[in-house]
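I have placed the structure first, in the form of structure tokens, so that the comments after it can refer back to it.
The values are calculated or read from the model by the stated rules, or taken from the named source; none is laboratory data. What you see is a predicted model; the values in this text were computed from it and never measured. Note that we place each Cβ from the backbone using ideal geometry, even for glycine, and neighbour counts take in every protein chain shown. Heavy atoms of the whole protein, side chains included, go into the accessibility calculation; ligands, DNA and RNA do not. Shrake-Rupley method; radii C 1.70, N 1.55, O 1.52, S 1.80 Å.
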Amino acid sequence: MNDRRILRLSGADARSFLQGLVTNNVDRLDDGLVYAALLTPQGKYLADFFLAADGDAVLLDVEASLAEGLLKRLNMYRLRADVQVELTDLQVKRGTGPAPEGALSDPRHAAMGWRLYGAEGGDDGSDWDAVRVAHCIPETSVELGTESYILEAGFEALNGVDFRKGCYVGQEVTARMKHKTELRKGFRTVEVEGTAPVGTEITSGGKPVGTLFTQSGGKGIAYLRFDRAKERMLAGEARVIWQV
């Protein structure tokens with residue numbers, strides 16, 4: 001788990017500061033981990049992360065490659081708010097077996113187990129790709145990228161967005177997608193006969209219909225354009241089957 005970095009937000013305004021920026025309700029921190037994202041004003045994905053209460057402060061658990069950029073962006077938004085944002089040396093341990101003392105349940109899905117913050121990182125050897133594929137849980141920098149919209153990525157089912165919390169960056173676009181349009185694209189778990197590199201284009205009748213990402217145990221996570229996707233498709237030499 002050394003691919004994660006932990007930021008700490010402290011100061012009297014730490015929670016209210018985050019509440020006005022991220023997709024989920026920071027008031028839920030006292031009940032456990034909160035899964036959320038930071039979006040552009042146009043509603044596109046910038047980063048997803050976990051938030052955990054640390055006394056009066058808040059820990060932010062994000063993929064390492066996004067940490068420096070996220071730190072800079074949070075400081076850009078800080079303005080006169082009483083909040084300090086810093087990188088820490090904390091690490092995260094995770095697993096799907098019995099949870100150790102102090103561990104917090106992963107809010108995305110019960111099958112994703114627990115996370116524990118402290119001086120030691122690592123995991124219990126769980127097959128994370130298999131779990132993610134089975135439950136269509138996208139991963140930072142694999143399925144999730146700068147062109148992603150969180151509703152197409154399934155954030156509502158993953159407890160990563162709250163439509164009643166009030167304003168946040170990108171809220172208007174996200175709310176419009178929720179209430180005024182029908183999603184035409186999104187991630188789905190598909191059956192895969194064979195294998196293909198992550199990011200392989202999926203075609204049907206020679207026309208592009210999506211992209212195949214993580215694969216495990218004969219299944220995969222695919223991003224599909226629903227109006228073009230058929231029951232049987234191709235991703236390179238692999239056959240992709242979607243049970244519509």
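About the Cα centre, and with charges only on the beta carbon of Lys, Arg (+1) and Asp, Glu (-1), how big is the dipole of the chain? Nearest 20 debye, please.
Details: 30 positive and 35 negative charges, 217 e Å.
It works out to roughly 1040 debye.
Sort 181, 88 by heavy-atom solvent-accessible area, probe 1.4 angstrom, most to least. Show your work: numbers first, answer last.
Numbers: 181 75, 88 15 Å².
Correct descending sequence by accessible area is 181, 88.
Among 139, 201, 147, whose mean-square fluctuation peaks in a Gaussian network model of the chain (Cα, cutoff 10 Å)?
147
What ³J(HN,Hα) values, in whole Hz, does the Karplus curve 6.51 cos²θ - 1.76 cosθ + 1.60 give for the range 146-163 when θ = phi - 60°, with x put for Gly and Pro?
5, 9, 6, 10, 5, 6, 5, 8, x, 5, 5, 5, 8, 6, x, 8, 10, 8
Which loop GluC sites (Glu not before Pro) in the range 69-126, with loop taken from DSSP, have no more than 13 other Cβ atoms within 10 angstrom of their Cβ? Spell out each step's value before the answer.
Working: sites: 86, 101, 120; in loops: 101, 120.
Passing both the DSSP loop test and the Cβ count: 101, 120.
Ignoring ligands, DNA and RNA, what percent of the accessible area of the range 53-126 is carbon or sulfur (1.4 Å)? Show your work: numbers first, answer last.
On the way: 1940 of 3990 Å².
Accessible surface attributable to carbon and sulfur in the range 53-126 totals 49 percent.
Choose one answer from 183, 18, 51: the residue with the largest mean-square fluctuation in a GNM of the chain with alpha-carbon springs under 10 Å.
Residue with maximal mean-square fluctuation among 183, 18, 51: 183.
Between residue 80 and residue 181, what is the spin-label point distance in nm, taking each point 7 Å from the Cα along the Cα→C-beta axis?
Calculated label separation equals 3.7 nm.
Determine the sum of side-chain charges near residue 29: Lys and Arg each +1, Asp and Glu each -1, restricted to other residues whose C-beta is under 13 angstrom from that of residue 29. Intermediate values should be presented prior to the final figure.
Working: positive: 15, 28, 165; negative: 27, 30, 31, 54, 56, 61, 162.
After counting each charged neighbour, the total is -4.
Among 55, 206, 17, whose Cα lies farthest out toward the positive end of the dipole of the chain, if unit charges sit on the beta carbon of Lys, Arg (+1) and Asp, Glu (-1)?
206
Can you give the calculated 222 nm mean residue ellipticity of the chain, where each DSSP H run of n ≥ 4 adds -39,500 (n - 2.57) and the sum is split over every residue, rounded to the nearest 500 deg cm²/dmol? Please list the in-between numbers first.
On the way: 4 runs with 38 residues, N = 244.
Only helices count here, giving -4500 deg cm²/dmol.
I'd like the antiparallel share, as a percent to the nearest 5, of DSSP beta bridges with both residues in the chain.
Details: 56 of 59 bridges.
Here the antiparallel bridges make up roughly 95 percent for the chain.
Roll a 1.4 Å probe over the protein chains and send me the accessible area per residue for the range 1-145 in Å². Kindly include the intermediate steps, with their values, before the conclusion.
On the way: 6430 Å² over 145 residues.
Value returned for the range 1-145: 44 Å² of accessible area per residue.
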